[in-house]
Each structure stands twice: as structure tokens, then as C-alpha cells.
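Since the structure comes first, as C-alpha cells, the remarks are kept for the end.
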Amino acid sequence: MENSTDKYLKSYWIASTKSTNYPSLKEDIKVDVAIVGGGIVGITAGYLLRGQGIKVAILEASRILQGATGFTTAKITSQHGLTYDKLISSMGIECAKEYAEANESSIDFIENTIKELNINCDFERLPAGIYTNDDNYARDIEKELKAAERVGIKSKCIDRLPIDIPIKSALIFENQAQFHPRKYLMPLAEKIIESGNQIYENTEVYEVQHGNPIVLVIANGKRVTAKKVIICSHFPCYDGMGLYLTRLKPERSYAIAADIEEKFPKLMLINAEDPTRSLRAQRDGGRELVLIGGENHKVAHGDNLKEHYDNLEKFASDIFTVRDIPYRWSLQDYIAIDNVPYIGNITDSKENLYVATGFRKWGMTNGTAAARILVDRILSIDNPWRDVFNPSRKFTKEAYSKLFTENFDVAKELVMGKLMSGEAEINIEKGEGKIVKLEGKKYGAYRDDEGELHIVNTTCTHVGCQLKWNNAEKSWDCPCHGSRFTYDGEILEGPATHRLNHYKARKNKIDPNLN
């Protein structure tokens, strides 16, 4: 995992491709469109805007395609769990059709782009299925079949899988796809540069000054002046009074890549019940890896997070003859309160500022759809899918109930974290992290492989929740809104924009001279 301190963790997608090396922004610039975030939304949007007579700059806080896009399972599918029956019930048949069409069309868009640019990215058309061994979910799958037929997706139910997993029922969507996301998107990034536009890496947006034009202040003090701005930085780096803090739930999930002796069927799978199990194959030179994902949980909730990898490995060994597990990684994503991404104007009052977030781990198609919707908005083209994804849409009573539950949890974590005391002494082994108390104050402590002790404040720099230690990724995670920090205080995930204060310890006391 590229942004982890543990070499045990690494993403297959990142490990199997070369690193990018675009420059950081070192001067003030003016552009027509600034895109904040270099994932699938940002790169696709930049690619579509190139050659339109529009000057574009993509601003990425770290390296492009090393956020959610670099840690996905890379299924290109409109099969997003048990989605369409719920969508029809909550938003109506027309909105459900828009959601289906946006995602089905995005599969075709990706395939056509691959053919047009002659990209070798392991693209393959395959069916995608959701299965269950639970009678209750089997009934839900029957309802989902009828819903899929109503929204125009070709599907069928089966009662047996071509793999050693017992099931009651499975729903199969035909003509879906999978690919290598970085191999697909890196050539699109090159096309952006070839057209005279710019990509800036290690260029973190520190402040958004909304106006006409918009001014983006970079962490190094440089400024980007833009007529229009797309914010697709995973969690929005600017809220604009859209209250996204209250409308997004941060969730982590895990994945392993297993080298198995058996041949995996031509099929992508995910189960309906908890714990989630997602499966797909990926060619890796002369061998075939099976990517197994799942173990979802809210960020910083739970104790021994390393056990999630252990659970996935046990699942793999129960089904396959596993020779090796060369890759393990985790993904953070955000879920909208009604499970439909927010794509469009960040608020009704801000016409020149756009957002794309809340993909619920289905970002390959939803992210592609987001880029197409937002580019159409910028070019004043009417898009047929804009209403279902509108960030200012009306929400159901169920969605508002979820909103209350999530924000009650945030309030609880904020208060309880302040009240709970840490441990009294710094007695920490190498590779271990925990909360400690020094001179009456609570800190986060971690001892690295060289034995050096690192101390950070455990108050999240976002809104003040108490951070929790993540022993799987060796990071400090916020249970409120999902910000994550390295053991020495650097930001791994927003919405926090300020690093943690970092100290080194000597003789069990904080040395204020070592920051």
C-alpha cells in the first residue's frame, strides 16, 4: 500500500505500473477550469475537456491515481449490490433508470475510449453477479431481478455458481467489464498534457475562495484563478455550505490478491450479506490472481483492524489452493445518505463550482459518469442523468434518519474521545501504536522499526474528534469524518487539511525541540 508505513501492504494496481512524476505548482496561474483531484473523475474530465478551447489544470495533493482509484477492485459494472429495487422505491422508476443508464453507458464509454486510443489495460467484458446463501437475501435478489428488468439491464437468476461457494440464489448482470484502472487512465493523463493542459502533483489545495472567478490557494501559497472548478478530491476539500460533512459516511474496506492453483471462472462476484466478499480475477504476467475484497467498516471503528486481512485470507484458503498472497491493500470511500453519489453544483447557489463524491466503492462507472455529467455542465450541454445525482436533490425520510444516526455517532465520538483517558506509560514495542498520557495530557505514540518513538496530538485537525490507532495500516484515523494521518502526522485522507503536530520522545517525556 503506497501510503502505508507497512511494507506488508501494497496495491497491485500501483505496484504493477510505473510511478508518475508530474511537477508541483510553483507559480500563480489562471485557467478556465481547475480540477481538484487526480483520480478517475479528474483525469476523465480533463481528457474530455482537452481540445475544447478550454485551458485546464488538474491539481493533485499527492500523485495522480494513487487515491481511491489506485486501491479499487476495478470492476466496471452497473451491478452495485442490491441497488435498483431500493432506488425505485425511494426515488422512483425514472431516477432508477437514469442511474442504470449512466453506469451502463459508462461501461461503453470506457471500452470505446480504450479502442480509440489503443490502450492495453486488461479490459475484458464479463458478467457480474451478486449471490447469497441466506433465504432473506434470496427474496431480495428476486426483487432485484424484477427491478433490473424494469430499468433495462439484461439479467438472470441462477442457483449454482461455477465456483465452490454454496448459494441459495445469484443475480447475474450480463455484459459488464473489468480492467486495470491505472493502465487505462495514465494514457488519458498523457493526452491531457499533449493537448497543452497541465497536471500538477504534490499540489494540495489549502483554501477555496469562492467568487467570480474562483481562487484556489495552494499549501505553498501559490494561487490558481479559475472560471470554473471541479472538486473531485474524494472527500470535498471545500463544502460551500453543502453540509457534506453531515451527508457522507466514511468507510474502509480491504482487499487481497491471491495466487491460486485453480482456474477462476469468467465472472465477477459479490455477496449480498455481511461480511462482504467481492471476487474477480486479474492476469499478472504468467499467473492469474484472484482479488478478494470486503470486511467493510466505518473508519476508526473496531479494534484489531489487521484481522480483516486475516479473514479474507481464510476465506480464500477455504475455497482455493492458495500458493501466495503477494498483495494486500485497503480502500477508503464515502457513502451518501441515500447511496447515490453527489454529482453536480456543490450547492444551488454556486453555479461555477462542482462536486463529485460519495461513490460507495463503485467509482469506476460512477466516476466516469461523474466526469461526463460535469463536463456537460461546463460545456452547457444538457445531460440526461443529472437529476438523479443532483447534490441538492430531495431526500427520503429513511435517508434523513440515516443522516441523524451518522451525526449522532459523530457527536458521541467527539465527546467520548475527550472523556476517555489514555494509558499511563509509554511501554510500546516496535511497530506498535497506542494512546498514552504524558504529564496529564493525552497523545498518540508509535515506535518505528528503528525503535524511535513518535508522538502526535490525537485531536483531529478537522473538527476535533479523537483519533484512533489503525494497527493494519499504521495510521491515526478519525471516527467522525474519516480523516487519516501517518504515525508522524502527515495527512493520508481528508477532509482534514492540517497535519498533526509531531514530536519525538526522549526518556518518556516530550521534547518540545523536536517537531
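Where residues in the range 468-498 are open to solvent by less than 10 Å² (accessible area, probe 1.4 Å) and hydrophobic (A, V, I, L, M, F, W, C), which of them is farthest from Thr246 (Cα to Cα)?
Applying the filter and picking the extreme gives Ala472.
I need the full set of residues from the range 318-331 which are loosely packed, with under 15 Cβ neighbours inside 10 Å and closer than 26 Å to Lys474 by Cα, in order please.
Passing the criteria: only Asp324.
May I ask you to verify whether Arg139 is open to solvent by 30 Å² or more (accessible area, probe 1.4 Å), in a loop (DSSP other than H, G, I, E, B), more than 23 Å from Asp376 (Cα to Cα) and not small (Gly, Ala, Ser)?
no
Could you look through the range 112-141, keep only residues that are in contact with a strand residue (DSSP E or B) (Cβ under 7 Å, 6 or more places away or on another chain) and acidic (Asp, Glu), and pick out the one that is farthest from Thr77 (Cα to Cα)?
Asp122
Of all residues being over 14 Å from the mean Cα position of the chain (by Cα) and surrounded by fewer than 20 Cβ atoms within 10 Å (Cβ to Cβ) in the range 340-376, which is farthest from Thr77 (Cα to Cα)? Just the residue, please.
Per the stated criteria, the residue is Ser349.
Any residue at all in the range 457-478 that is more than 24 Å from the chain's Cα centre (by Cα), under 21 Å from Thr497 (Cβ atoms) and not polar (S, T, N, Q)?
no
Conditions: (1) among the acidic types (Asp, Glu); (2) in contact with a helix residue (DSSP H, G or I) (Cβ under 9 Å, 6 or more places away or on another chain); (3) under 16 Å from Val41 (Cα atoms). Asp239 meets all but one. Number of the miss?
With respect to (1) among the acidic types (Asp, Glu); (2) in contact with a helix residue (DSSP H, G or I) (Cβ under 9 Å, 6 or more places away or on another chain); (3) under 16 Å from Val41 (Cα atoms), Asp239 is out only on (3).
Taking Ile346 as the residue in question, decide whether it is modelled with pLDDT under 95 and either within 27 Å of Leu82 (Cα to Cα) or out of contact with any Lys or Arg (no Cβ under 7 Å at 6 or more places or on another chain) (or both).
Working: modelled with pLDDT under 95: yes; either within 27 Å of Leu82 (Cα to Cα) or out of contact with any Lys or Arg (no Cβ under 7 Å at 6 or more places or on another chain) (or both): yes.
Spelling it out, Ile346 is indeed modelled with pLDDT under 95 and either within 27 Å of Leu82 (Cα to Cα) or out of contact with any Lys or Arg (no Cβ under 7 Å at 6 or more places or on another chain) (or both).
Applying the selection to the range 436-467, what residues are touching a Leu at 6+ places or on another chain (Cβ under 6 Å) and either open to solvent by 10 Å² or more (accessible area, probe 1.4 Å) or among the charged types (D, E, K, R) (or both)?
Answer for the range 436-467, where residues must be touching a Leu at 6+ places or on another chain (Cβ under 6 Å) and either open to solvent by 10 Å² or more (accessible area, probe 1.4 Å) or among the charged types (D, E, K, R) (or both): Arg447, Asn457.
Of the conditions (1) surrounded by 19 or more Cβ atoms within 10 Å (Cβ to Cβ); (2) touching a Ser or Thr at 6+ places or on another chain (Cβ under 9 Å); (3) modelled with pLDDT of 95 or more, Lys97 fails just one. Which one is it?
That leaves (2) as the condition not met.
In the range 480-494, which residues are in contact with a helix residue (DSSP H, G or I) (Cβ under 7 Å, 6 or more places away or on another chain) and at pLDDT 85 or above?
Of all residues in the range 480-494, those in contact with a helix residue (DSSP H, G or I) (Cβ under 7 Å, 6 or more places away or on another chain) come to 480-481.
Passing the criteria: none in range.
Just give me the residues in the range 384-396 being closer than 15 Å to Val355 by Cβ and surrounded by fewer than 22 Cβ atoms within 10 Å (Cβ to Cβ), in sequence order.
Arg386, Asn390, Ser392, Arg393, listed by residue number.
The values are calculated or read from the model by the stated rules, or taken from the named source; none is laboratory data. Everything quoted here is computed from the prediction, not taken from an experiment. Here Cβ is always computed from backbone atoms with ideal geometry, including for glycine, and neighbour counts include all displayed protein chains. Quick note on the areas: whole protein, heavy atoms, side chains included, nothing else; ligands and nucleic acids left out. Shrake-Rupley method; radii C 1.70, N 1.55, O 1.52, S 1.80 Å.
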